[in-house]
Amino acid sequence: MKKQDLDWSNLGFNYRPTHKRFVSNWKDGAWDEGCLTENDTVTISESAGVLQYSQSCFEGLKAYTTVDGRIVTFRPDLNAERMYNTCIRLEMPPYPKDKWVEAVEKVVAANEDFVPPYGTGASLYIRPFMFGSAPVIGVKPSKEYQFRIFTTPVGSYFAGPIKPIYITVSDFDRAAPNGTGHVKAGLNYAMSLHPLMEAHRAGFDENMFLDSKTRTKVEETGGANFLFVTKDGTVVTPKSPSILPSITRRSLIYVAEHYLGLKVEEREVFFEEVPDFAECGLCGTAAVISPVGQLNDHGKTIVFGKGLEEPGPTILKLRETLTGIQMGEIEAPEGWIHEIKC
Ligand code: PLP
Ligand code: COI
């Protein structure tokens, strides 16, 4: 199929409507069959649960063109599982996991010409999401929901080619100890916007959030988990019940251990250890693994490796190996690559 005529290597991370999206509605206790539609708008009551009490959640995954021309997604079963868990926490009706993956397949196939060609560094971002669509006025769950999946072609999340970013420790909290930090609730992102804009206004790319109870441990950013590398090459990643269980992070840990032969520690990471790390990266579907060069701690600068000049070697190697697996250049572990039949 002839691809869209886009400047694939310079897409940035922006929304661009594609041909079709999937829509299914939940009413009277059941999901309907769902269908693909060209309609990219949503009409709902002014009192819909999502508008009044922010009852919404989402997922993010990508479709790639492999070196041998197949279109694949990466571990979609784990996104289906995570959205299932999110829905339970938010009193929303989970969309059945097998049908969730089928719906992803349908939307990607319907937008095949928007899946960026191999070698461009771009991918088709897939955004499944759900919201309370029926009117509510007392504080309670909506009686009706809509589940949708749209796709949009994207390049890198942080503008331009891969270069280290400068982040800052935030004095705001991202997630409460027994709150919703471990699920992908829209409300987590709404409340991170002010800290993010404050960071941008102060000249930083992102925030490092600490645990809100003791403010001594590293949690994550607004949209990615952390990976650190010690001076002797051990990969260290924070473990916390209030961070999102990143699929990219879980995959990178496996890659570090089984492909690169590195030692990995998943544990509480105290902020006071951070200056001792040689490398730091942010990992997620959108971020892939983006190197962090510097961290501002209330006016004191912590520099990782060569700072903003160049990414650390282990972060780069992890990135190359993971993207190599996603693009079919390196053999993937069983079940990681999910081919879409177009
Ligand atoms: N942490 C947060 C808060 C996120 O929004 C994301 C993005 O989904 C991640 C981490 C990374 O998760 P994943 O690797 O599954 O995309
Ligand atoms: C993703 O990585 O898919 C996310 O949902 C995070 C967001 C910052 C785009």
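Scanning segment 220-250 for residues being farther than 14 Å from Phe270 by Cα and either open to solvent by 30 Å² or more (accessible area, probe 1.4 Å) or within 11 Å of ligand 1 (Cβ to nearest atom) (or both) gives a total of 17. On inspection, Pro161 qualifies as open to solvent by 20 Å² or more (accessible area, probe 1.4 Å) and not aliphatic (A, V, I, L, M).
Filtered by the rule that a residue be away from ligand 1 (no atom under 13 Å from the Cβ) and free of Cβ contacts under 8 Å to residues at least 60 places away in the same chain, segment 251-266 gives Glu257, Gly261, Leu262, Lys263, Val264, Glu265, Glu266.
If you go through segment 174-196 and pick out every residue that is part of a loop (DSSP other than H, G, I, E, B) and open to solvent by 50 Å² or more (accessible area, probe 1.4 Å), you end up with 5. One residue alone among Ala185, Ala190, Ala175, Ala199 is more than 30 Å from Thr73 (Cα to Cα), among the aliphatic types (A, V, I, L, M) and within 16 Å of ligand 1 (Cβ to nearest atom), and that residue is Ala199. Quick one: which residue in Leu295, Leu308, Leu318 is on the phi < 0 side of the Ramachandran plot, at pLDDT 95 or above and within 16 Å of ligand 1 (Cβ to nearest atom)? Among Leu295, Leu308, Leu318, only Leu318 is on the phi < 0 side of the Ramachandran plot, at pLDDT 95 or above and within 16 Å of ligand 1 (Cβ to nearest atom).
Checking each residue in segment 208-219 for being touching a strand residue (DSSP E or B) at 6+ places or on another chain (Cβ under 8 Å), within 16 Å of ligand 1 (Cβ to nearest atom) and open to solvent by 10 Å² or more (accessible area, probe 1.4 Å) picks out Leu210, Asp211, Lys217, Glu219. The residue list Gly29, Gly119, Gly49 contains one member that is over 21 Å from the mean Cα position of the chain (by Cα) and open to solvent by less than 10 Å² (accessible area, probe 1.4 Å), which is Gly49.
Criterion applied to Glu59, Glu81, Glu102, Glu91 was being free of Cβ contacts under 8 Å to residues at least 12 places away in the same chain and either open to solvent by 20 Å² or more (accessible area, probe 1.4 Å) or charged (D, E, K, R) (or both), and the one residue passing it is Glu102. Only residues that are open to solvent by less than 10 Å² (accessible area, probe 1.4 Å) and of a type in the set (Gly, Ala, Ser) were counted across segment 197-207, and they come to 1. Exactly one residue out of Thr66, Thr73 is within 16 Å of ligand 2 (Cβ to nearest atom) and either buried (at least 22 other Cβ atoms within 10 Å of the Cβ) or in the same structural domain as Trp26 (by TED's automatic domain parsing) (or both), and it is Thr73. Only one entry in Lys143, Lys163 is closer than 14 Å to Ser56 by Cα and more than 16 Å from ligand 2 (Cβ to nearest atom), namely Lys143. The strands (runs of 3 or more DSSP E) found entirely in segment 20-136 that carry 1 or more residues being within 20 Å of Ile340 (Cβ to Cβ) are 21-27, 35-37, 61-65, 71-74, 123-132.
The values are calculated or read from the model by the stated rules, or taken from the named source; none is laboratory data. Since this is a predicted model, take the numbers as computed values, not measurements. In this analysis, Cβ positions are derived from the backbone assuming ideal geometry, glycine residues included, and neighbour counts consider all displayed protein chains. Side chains included, ligands, DNA and RNA excluded: accessible areas come from the protein's heavy atoms. Shrake-Rupley method; radii C 1.70, N 1.55, O 1.52, S 1.80 Å.
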